Amino acid sequence: MTRRDLVLAILAVARGRPYQPAQLQKAVFLVTRNVPDIIDDGLGFSFVPYDYGPFDAAVYWEAEKLRDSGEAIITLSPNGRWKTYAASQLGMAHGDDILNALPERIRSYISQISEWVLSQSFGSLIRAIYEAYPEMREKSIFSE
């Protein structure tokens, strides 16, 4: 699986529900941290502590490439302050193929992570990540 495949699988499992930037970053972080060998083709992600916890700009680059291929939809949030990321119909179909090729336990884990990050407010998501991965708080500007 490539980095792009993983981002698409995470978007697809949400069935069109949009991710906010922090939700997408943290979903990819959690999957790659807890299933470290999931990316076995090409470069992996290299998350570093940043303003709001683990961050890798490559998550957004891959999402933009998915948009360019018609597999993702990137739009501005209703208030226009950030982008949202979702799978298109084509992306869901391709993402399902990627997910179906994975062992059930990994497919299930990706689904659980997706549901969890999408159910969190920004603050609760960041707090939970810092609690579980305190090393990712190092450069934080998040005030609780």
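We did not get these values from a lab; they are worked out from the coordinates using the rules stated. None of these values were measured; they are calculated from a predicted model. For neighbour counting, all protein chains shown are included, and Cβ atoms are generated from backbone atoms with ideal geometry for every residue, glycine included.
Summary table below
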quantity: Separation of alpha-carbon centers, the stretch 81-110 and the stretch 1-31, rounded to whole Å; calculated: 7
quantity: Check: the stretch 3-137 dipole with +1 on Lys, Arg Cβ and -1 on Asp, Glu Cβ, in debye; calculated: 480
quantity: Spatially proximal lysines relative to LYS65 (Cα-Cα < 16 Å; intrachain offsets below 8 disregarded); calculated: LYS83
quantity: Nearby lysines by direct alpha-carbon distance to LYS139 (threshold 18 angstrom, same-chain neighbours under 8 apart not counted); calculated: LYS26
quantity: Relative contact order (%) - criterion: Cα under 8 Å, at least six apart; region: the stretch 25-144; calculated: 33
quantity: Cβ-based charge dipole, the stretch 13-118, positive-most Cα from VAL35, LEU66, ALA86; calculated: ALA86
quantity: Restricting the stretch 27-127 to trypsin sites (Lys or Arg not before Pro) in coil, as DSSP defines it, with at most 16 other Cβ within 10 Å; calculated: ARG81
quantity: Derived scalar couplings ³J(HN,Hα) [the stretch 40-45; Karplus, 6.51 cos²θ - 1.76 cosθ + 1.60; whole Hz; x for Gly, Pro]; calculated: 10, 9, x, 5, x, 8
quantity: Cut-off under 5 Å, modelled amide H: who pairs with ILE73 long-range; calculated: ALA86, ALA87, SER88
quantity: The stretch 43-105: radius of gyration over Cα atoms, expressed as a fraction of 2.2 N^0.38 Å; calculated: 1.31
quantity: Table column - 3J(HN,Hα) (Hz), the stretch 73-80, Karplus curve with 6.51, -1.76, 1.60, x for Gly and Pro; calculated: 10, 10, 9, 7, 4, x, 8, x
quantity: Viscosity 1.306 mPa s, temperature 10 °C, Stokes-Einstein D of the chain from Kirkwood C-alpha radius, µm²/s; calculated: 105
quantity: Integer Hz, Karplus 6.51/-1.76/1.60 couplings in order for the stretch 46-53, x for Gly and Pro; calculated: 10, 6, 10, x, 9, 3, 10, x
quantity: Burial ordering of LEU102, LEU8, LEU30, LEU76, fewest other beta-carbon atoms within 10 Å first; calculated: LEU76, LEU102, LEU30, LEU8
